[in-house]
1. Starting from the stretch 126-154, take each residue that is in the same structural domain as A166 (by TED's automatic domain parsing) and free of Cβ contacts under 8 Å to residues at least 24 places away in the same chain and list its partners that are in a loop (DSSP other than H, G, I, E, B) and surrounded by fewer than 14 Cβ atoms within 10 Å (Cβ to Cβ), counting only C-beta distances under 7 angstrom and pairs at least six apart or across chains.
2. Return the residues of the stretch 200-221 that are surrounded by fewer than 12 Cβ atoms within 10 Å (Cβ to Cβ) and over 17 Å from L175 (Cβ atoms); say none if nothing qualifies.
3. If I ask for residues that are exposed (fewer than 14 other Cβ atoms within 10 Å of the Cβ) and either over 16 Å from T52 (Cα atoms) or within 43 Å of the chain's Cα centre (by Cα) (or both), which ones from the stretch 89-110 would you list?
4. Kindly indicate which of A321, A338, A316 is buried (at least 18 other Cβ atoms within 10 Å of the Cβ), out of contact with any Asp or Glu (no Cβ under 7 Å at 6 or more places or on another chain) and over 26 Å from A151 (Cα atoms).
5. Quickly run through the stretch 202-254 and pick out the residues that are part of a helix (DSSP H, G or I) and either closer than 18 Å to R287 by Cβ or in contact (Cβ under 8 Å) with a residue 12 or more places away in the chain (or both).
6. Residue check, S358 against (1) in contact (Cβ under 8 Å) with a residue 12 or more places away in the chain; (2) in contact with a strand residue (DSSP E or B) (Cβ under 8 Å, 6 or more places away or on another chain); (3) at negative phi, all met but one. Which one?
7. When you check E267 against the structure, is it crowded, with 18+ Cβ neighbours inside 10 Å, acidic (D, E) and more than 18 Å from the chain's Cα centre (by Cα), yes or no?
8. Evaluate the following for P228: is it surrounded by 12 or more Cβ atoms within 10 Å (Cβ to Cβ), under 28 Å from T260 (Cβ atoms) and touching an Asp or Glu at 6+ places or on another chain (Cβ under 7 Å)?
Amino acid sequence: MNRSDTTPGWSPPNAEGLSCLRPGDPKRATLRDRRHWRCERPAALPLDTWPTEWRAMVAGWVARRGDSPVRRDALLRSAGAARAHDMDRVIELLLRAGLIETEERFERGSWWLHAVRFTGAPALRAALGLVEPDRARLDWARRRTQRFGDAELDAAAETLDAERPASALARLSLLESLATWSAQGRSGTWRDFAQFARGDTKAIGSGERDWLNSTINLAQRGIEDHTPLLRLRAPLRLHTTTGTLDLAAAGDFIGLSLRTLTAARIEGHPVCWRLVENLSSFERVARRATDDEAVLWLPGYPPSWWLSAVRTLIAAAPAPARIACDPDPDGIAIALHAAMPWQEAGLEWMPWSMSADSLAALPVRRALTARDRERLAALIDTGLPPVLDSLACWMLEHDEKGEQEAML
């Protein structure tokens, strides 16, 4: 059935398949008369055989067009005055393909094209490889509830509703890449992550970078501005092809790159490895450690480079671990994660300064959040070491948690 069979006012198609609409009384033509044309029997439109200039012309017209008619002079400005003849030919082809409707006006004794309405703009954009102008909004509406099962990434995703849809989608893509980066245990610099996420070391703009820095602890996910350093104090000597480095000569602590560490032969026998999460607390513990103790800074949830460094250290200098983290749900999870290299090596480890009594003795404590309570319940269900299980139960019972800085 033709559209003219169901749309009042449109004439039956003529021999060329074109139907006409005359607003008002078609029997009373005036100098300001109008008529509209559309095609009821569209012809094929082989855009792939069109000249490049014609395709570019149409792309410019439909890239952001809505449903409103566009005046001929606006189309001509977009196409360029030198292409007026080509423009009229292209409009004729689009009309006969059923992709536009035209409006003509009777002026100076003749009918002149006045405006065009792009009824087939989505089909034209698809054929020309253009993105739908509203695609970003629709895609964001579909994807805005996506979550990662990672509290930090999920919290970052929740901030994206304040962004324009295209920006929100781009940033959501960065979070997806960050989730994959973390799952694969990767580590590196900002440029390494940009190459991983977008195939270009400079493809993450300053605005996106500032947003990621403000919402995600990137250092804990192995992303640093520069090469990350392992901070430690230890009675060890590193022998390399260029010389020997005596770590005990450092008055408090020293920083080593993973590359330096893995290229060295390590000599020494600490009585234990003390791991401290809070950086200020680490520095204090490192300064007062005995000469036979090794002290490591634990940068939150340990990134892959840190775990690699620790595995290298304890393979050469095995000793039990004493792990101190914030007395809160994340601190318990971090301690369990940091203990993995010792468990893998069959070495003893135990929490240090993470007891329920230590938390109860703090002069200042903070209330648990709903997420804290959920996390504690999940941790308890996994079966915690006795000290950490007691700490978790105390937190749930008293609805409080603490910070390490006041303890070490």
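1. D154/R147
2. Going through the stretch 200-221, the residues surrounded by fewer than 12 Cβ atoms within 10 Å (Cβ to Cβ) turn out to be 200, 202, 205-207, 210, 214.
Within the stretch 200-221, D200, K202, S206 meet the criteria.
3. Selection gives E92, E107, R108, G109, S110.
4. Values: A338 fails: over 26 Å from A151 (Cα atoms); A316 fails: buried (at least 18 other Cβ atoms within 10 Å of the Cβ).
Among A321, A338, A316, only A321 is buried (at least 18 other Cβ atoms within 10 Å of the Cβ), out of contact with any Asp or Glu (no Cβ under 7 Å at 6 or more places or on another chain) and over 26 Å from A151 (Cα atoms).
5. Result: E208, R209, W211, L212, T215, A219, Q220, R221, L247, A248, A249.
6. All conditions pass for S358, except number (2).
7. It is false that E267 is crowded, with 18+ Cβ neighbours inside 10 Å, acidic (D, E) and more than 18 Å from the chain's Cα centre (by Cα).
8. So P228 does not fit the description; no.
The values are calculated or read from the model by the stated rules, or taken from the named source; none is laboratory data. Fair warning: this is a prediction, and the values are worked out from it, not measured in the lab. Note that each Cβ is placed from the backbone with ideal geometry, even for glycine, and that neighbours are counted across all protein chains shown.
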